[in-house]
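Please treat every number below as a calculation from the coordinates, not as lab data. Because the structure is a prediction, the values reported are computed rather than measured. Glycine also receives a Cβ, built like all others from the backbone with ideal geometry; neighbour counts cover every protein chain displayed.
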Amino acid sequence: MRLYFKYLRMLVRSQLEYRESFIMTLLGQFLVSFSAFLGIYFILMRFHTVRDYTFPEILICFSSVLASFSLAECFARGFDAFPRLIKSGSLDRILLRPRGVAFQVLTSNLELSRAGRLLQAIFMLIYAVPRCGVVWTADKIATLAVMIAGGVLVFTALFILYAGFSFFTIEGLEFMNLFTDGVREFGQYPLSIYGEGVLKLFTYVIPVALFQYYPFLYLVGRSDDKRLALLPILGAVFILPCSLFFRLGLRRYKSTGS
Amino acid sequence: MKRFNLSKAPVGMKKYLSFFKIRFIAGLSYRSAAWAGVFTQFGWGFMTVLMFKAFYESSPESFPILFSSLSSYIWLQQALLAMFMFWFFDGEIFDSITSGGIAYELCRPCGLYAMWFVKNMAARLSNAALRSVPILLVAVFLPKPYGISPPDGILSAVLFLISLILGFLVLIAMSMLIYISAIYTLSSAGVRILATSAVEFLSGAIIPIPFFPDGLRAVIELTPFAAMQSTPFLIYSGHIDGDKAVFLIGVQLVWLAALGLFGVFAMSRALKRVTVQGG
């Protein structure tokens with residue numbers, strides 16, 4: 001763990017060296033998610049509610065997903081960039097070192113500029129928290145925190161899954177975007193609005209609804225069942241099969257030889 | 001072709017055609033990437049349709065466009081994504097600018113603007129060629145308001161094709177400006193990410209322009225952003241027709257000429273400043 005923080009410090013420092021380009025990309029990341037916000041704003045200006053969810057409620061949902069995504073992307077960026085390690089053959093170097101592969105991949109990269117999205121999420125929360133009609137008792141605050149934390153773990157699991165697939169195909173990886181970027185984009189709205197089938201898919205196959213939809217129901221008072229607030233913890237278990245898959249891929253890895 | 005003539009040598013159409021061919025065929029060889037793309041874009045389109053369905057059912061009277069028109073728009077957008085996604089840039093061109101490889105390009109007896117233009121066209125078209133057909137085929141067979149419907153008539157189809165070609169050219173003329181800005185600034189990552197998010201939003205790639213607030217919509221319709229994917233897709237779906245369609249095609253023509261001329265001018269100025277360091 002101490003080694004992890006040492007790596008982290010190193011990566012942070014190296015990125016702050018290029019201050020201007022860092023700020024530019026930070027701003028860019030912010031604006032990218034700002035346009036997503038603007039999209040929701042324009043649409044909700046026209047429709048006011050979607051399946052009875054109000055604009056501030058949707059913002060709570062969106063900002064928790066966005067915060068999870070950007071934190072996961074910030075820290076698990078190494079897995080996101082993993083296909084490049086395979087392509088360039090740098091993975092061989094990693095395999096030679098006396099530390100776990102997953103640990104080294106995790107510490108190989110840290111994308112601080114991705115925090116631009118986090119900034120956007122925080123702004124939206126600041127706007128939505130007093131307006132969404134939730135009485136912010138301790139357990140509601142805890143629910144939101146658990147939602148975000150659970151989301152970070154599920155997105156990290158998806159990035160690990162993505163890295164795992166790169167042992168089998170490099171070119172065909174694009175389909176995973178549907179589950180990483182796609183979840184971020186379509187997770188703007190509570191997953192139930194897409195209908196029963198989609199909700200089931202994102203409950204039982206990819207446990208996104210476990211940190212996005214069900215605890216959200218409790219958070220905004222559509223349900224009084226406190227157990228819903230604990231579901232993100234169950235969702236976080238998703239990281240186990242994903243790591244297993246990654247390990248499976250690692251075992252059949254053959255170097256590209258370059 | 002006279003106006004593209006940046007180098008001293010005479011410029012013919014043929015060599016651009018071969019640049020086009022090389023890039024097009026290279027693009028066609030990424031088959032598994034294409035299948036993955038088809039899967040992704042189909043899923044994306046499917047989710048987008050479901051999302052708008054939720055809005056439609058929440059308040060049908062606020063819907064600014066027929067649902068079947070919107071579905072056609074979404075499926076065209078997904079099928080032709082490779083043609084109209086602004087964030088897709090040719091990494092080789094940026095590399096040639098930062099590495100100095102641009103010097104070799106300048107030695108060739110052809111105009112740099114036209115060459116880059118053609119390369120970008122080919123790369124996008126080959127990606128789209130592989131991906132669009134399977135997506136459209138599935139979308140045709142989806143149940144009624146959720147799939148893609150045929151165009152509104154022969155006139156719509158013809159206007160759509162004209163507008164599609166123009167929209168594609170406007171988009172490339174706009175993305176040329178990003179490449180050209182890289183000649184000035186060398187590091188273009190910042191400009192690129194800012195321009196990309198602005199263009200994507202204003203061109204109706206995130207939400208279709210009919211969903212914008214009314215005042216804003218009227219203004220955006222006249223900008224080069226709407227002249228990219230929005231105009232052709234809305235003509236196809238019958239949301240824009242008749243005189244308005246002809247007028248908006250005119251707008252596309254004007255922007256194509258303006259962006260093209262400006263690009264050629266900016267590039268010739270940029271190239272005067274280029275100093276390639278030896279090595």
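A few notes on this one:
- Within 10 Å of the Cβ of each residue in A:184-190, the mean number of Cβ atoms contributed by other protein chains is 2.
- Based on C-alpha pairs under 8 angstrom that are at least 6 apart in sequence, chain B has a relative contact order of 26 percent.
- The relative contact order of chain A comes to 26 percent, based on Cα pairs under 8 Å that sit 6 or more residues apart.
- Nonlocal amide H pairs with B:Ser149, under 5 Å, H built at 1.01 Å: B:Ser72
- For a straight C-alpha distance cut-off of 25 angstrom, the lysines reachable from A:Lys254 (same-chain residues fewer than eight places away being disregarded) are A:Lys87.
- Site pair A:Asp224 and B:Leu136 shows an inter-label distance of 5.6 nm when each label is modelled 7 Å from Cα along Cα→Cβ.
- Computed magnitude of the charge dipole of segment A:1-69 (debye, nearest 20; Cβ of K, R +1, Cβ of D, E -1): 360
- Taking every residue in A:170-180 and counting other chain Cβ atoms within 10 Å of its Cβ, the average works out to 6.
- If you plug the beta carbon distance of A:Arg51 and A:Arg9 into 1/(1 + (r/R0)^6) with R0 = 41 Å, you get a FRET efficiency near 0.35.
- Separation in nanometres of the label points that stand 7 Å from Cα toward Cβ, at B:Tyr30 and B:Leu161: 2.9
- Number of partner chain Cβ atoms within 10 Å, mean per residue of B:54-62: 5
- Close lysine pairs were tallied over chain B: pairs 8 or more places apart or on different chains with Cα atoms under 25 Å apart number 14.
- Karplus-derived 3J(HN,Hα), 6.51/-1.76/1.60, for each residue of segment B:85-102, Hz, glycine and proline x: 6, 6, 6, 8, 10, 7, x, 4, 5, 4, 4, 5, 6, 6, 8, x, x, 4
- Rel. contact order, % - alpha carbon contacts under 8 angstrom, at least six apart, segment A:207-255: 34
- Charge dipole of chain B (Cα centre as origin; +1 on each Lys and Arg Cβ, -1 on each Asp and Glu Cβ, all else neutral): 1240 debye, rounded to the nearest 20.
- Farthest positive-ward along chain B dipole, Cα basis, beta-carbon charges - from B:Leu222, B:Met47, B:Thr185: B:Thr185
- Peptides A:81-89, A:53-61 ranked from most to least packed, by the mean per-residue count of other Cβ atoms within 10 Å: A:53-61, A:81-89.
- Centre-to-centre separation between the Cα atoms of segment B:140-201 and those of segment B:36-86: 16 Å.
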